Amino acid sequence: MGELKLIIPLPYYQFRIQTRRFPGVVDSHKGRETTVLVVWGNEMSARVAIAAALVHLCGCITVNAAEQCEDLDSRVRALIYELTIPVSEPSPAEIQNGKQSRLFREIEELGTNAVPSIIRNMDSRAPLQYKYIALRNPSGSGREEVRQYNPELVVDAMAAILNQLTGQHFGSIETSIIRTNELRDKTVLGWREYLRYQFHKDFPSACGK
């Protein structure tokens, strides 16, 4: 890979900020080579060096954050797809401790950063193998330690997880006794409108839209 240089001319000197790729050093993010920041020059004040380094590093952080959000979107999409593949040899234990339950937990544990990705991918009308989802009440809220629902389709379960993560609901398809496609359409639309107009006000540090 090439090198990125930032050259700032000053009255009596100039300096460079340069990143280099070292093929023998690999970081934990996708196994990519580690970027090392090198700053050098002559007669450079500590303040100028630090300020320039921060400018460069902020750019790196922004790129990394965008990549992480893209990875999160792919992860959510893959988990939701896995929910549509039934277990070949189901058993009673599968309901609460099997693959479907594990996938629900993995999606929930992605946290509020994953809310935009869940909303974008929630509208799967594939049937769930088990019409059951259990979500722990936040500490100190609710009378029950675990909230239990009986979603029929993937979209119903995603609405329950979104309610768990944000405290919002749009149509309550996760709790409705009678669920129609019209109600699901309105619920999905409600979540999309929430993402567009309100979510980032509630969770400003979450991934982008």
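The values are calculated or read from the model by the stated rules, or taken from the named source; none is laboratory data. Remember, predicted model here, so these are calculated numbers, not experimental data. All Cβ positions, glycine included, derive from the backbone under ideal geometry; neighbour counts span all protein chains shown. Just the protein is used for accessible areas: all its heavy atoms, side chains included, with ligands, DNA and RNA removed. Shrake-Rupley method; radii C 1.70, N 1.55, O 1.52, S 1.80 Å.
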All positions within the stretch 118-138 that are open to solvent by less than 20 Å² (accessible area, probe 1.4 Å) and modelled with pLDDT under 95: Leu128, Ile133, Leu135
Restricting attention to the stretch 61-109, report how many residues are modelled with pLDDT under 85, in a helix (DSSP H, G or I) and among the small types (Gly, Ala, Ser). 2
Does any residue of the stretch 153-165 turn out to be surrounded by fewer than 16 Cβ atoms within 10 Å (Cβ to Cβ) and without any contact (Cβ under 8 Å) to a residue 24 or more places away in the chain? no
Residue satisfying condition, being of a type outside the set (Phe, Trp, Tyr) and within 15 Å of Ala206 (Cβ to Cβ), within set Ile80, Ile119: Ile119
Could you say whether any residue in the stretch 160-167 is at pLDDT 85 or above, in contact with a strand residue (DSSP E or B) (Cβ under 9 Å, 6 or more places away or on another chain) and small (Gly, Ala, Ser)? yes
